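One structure is given below, encoded as structure tokens.
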Amino acid sequence: MTALVVAASLLVGLSLGALGGGGSILTVPILIYLAGQDTKEAITTSLFVVGVTSLAALVPHARARRVRWRTGLLFGGFSMAGAYGGGRVAEYVPGTALLVAFALMMLATAVAMLRKPRRGREAAPRIHAELPVRQIAAEGLAVGAVTGLVGSGGGFLVVPALALLGGLPMGMAVGTSLLVIGMNSFAGLAGHLSGVGIDWGLALTVTAAAVVGSLVGGRLAGRIPQDALRTAFGWFVVVMGVFVLSQQIDTAVWAHPATWAALGAALTGAVAFRWWRTARSTGGRREHPAKS
């Protein structure tokens, strides 16, 4: 079992180094389902693992100049305040509720990452500009509160915030997110340690393996096309979100006809909304071949 935990921890580091997120998304399930920890202990341990690993993964990105330091430090500073508060509140929230919230947020984030930018918005004019402090503060506090509550460094929220809302290229968003993740993780860890202990032997073993993987992932990140990186991150989060959610919902719920009726209605609504948006963007007109 220890060898399996170490092998899986290498993937944690690889994900952080290459995608700038996914550390806690992987670490929490690994610690719960492979190492046998309870939910809150796994969440607390994952914050330590991801915090150390993200700082190690930051090094190759910084050398390649894929880190926006001002944005990262400001975003991280504000999110640390939110993460500490979220970590303190988490002590009073049931573990199952935390994991369900964790999974739902992953799925919402994945949808945002997989959506293609509208025509004419692919190259945002502010792509090389620094974000305004007010925007950084609002996004940082919100992301920090959420990630501290559910025990995540926040990469699965920070990367989309920097790439979608901040207009940073994916490569730059990935590198900058690692700085934020490290700051977030240690702030959230401080909040969680008030009520939960850590198995330091296991934590250090997982961290060592994850750091090795992160250094490899950091080297790979610069060689992956931006669109491919964005798509890979989105689908990765979808898979892990569905897995975590499926583990928390009782089998009887999935077997109930009302569950599938609700899922079908949601899917139908999503398709109808997509069709409506497409029809609206084209003005409901069809293109016809030019007459000769």
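Please give me the summed charge of the neighbours of Asp199: other residues whose Cβ is under 14 Å from its Cβ, Lys and Arg +1, Asp and Glu -1. It would help to have the intermediate numbers written out before the result.
Working: positive: Lys40; negative: Asp38, Glu41.
Surrounding charge for Asp199 is -1.
Ranked by the mean number of other Cβ atoms within 10 Å of their residues, highest first, the peptides 135-148, 64-77, 167-180 fall in the order 167-180, 135-148, 64-77. Proximity of backbone amide H atoms, modeled 1.01 Å from N, is registered between Gly166 and no other residue at under 5 Å, excluding neighbours fewer than 5 places apart on the same chain.
Regarding segment 2-249, what whole-number volume in Å³ per residue does the convex hull of its Cα atoms give? Convex hull of Cα atoms, per residue: 101 Å³. In order along segment 72-77, the Karplus-derived 3J(HN,Hα) couplings, from 6.51 cos²θ - 1.76 cosθ + 1.60 at θ = phi - 60°, round to x, 5, 5, 4, x, x Hz, and Gly and Pro are given as x. For segment 178-195, putting each phi into the Karplus relation 6.51 cos²θ - 1.76 cosθ + 1.60 with θ = phi - 60° gives couplings of 5, 5, 5, 4, x, 5, 4, 4, 6, 5, x, 4, 4, x, 6, 5, 5, x Hz, in residue order, rounded to whole numbers and with x for Gly and Pro.
Which of the three applies to segment 1-66, rounded, prolate or oblate, going by the alpha-carbon gyration tensor with a ≥ b ≥ c and a/c under 1.5 meaning rounded?
prolate
Working ranking of peptides 88-100, 34-46 by packing, defined as the average number of other Cβ atoms within 10 Å per residue, highest first, is 34-46, 88-100.
Just so you know, all these numbers are worked out from the coordinates, no wet-lab data involved. Model, not experiment: these values are computed from the prediction. Neighbour counts are summed over all protein chains in view; Cβ atoms, including those assigned to glycine, are modelled from backbone coordinates with ideal geometry.
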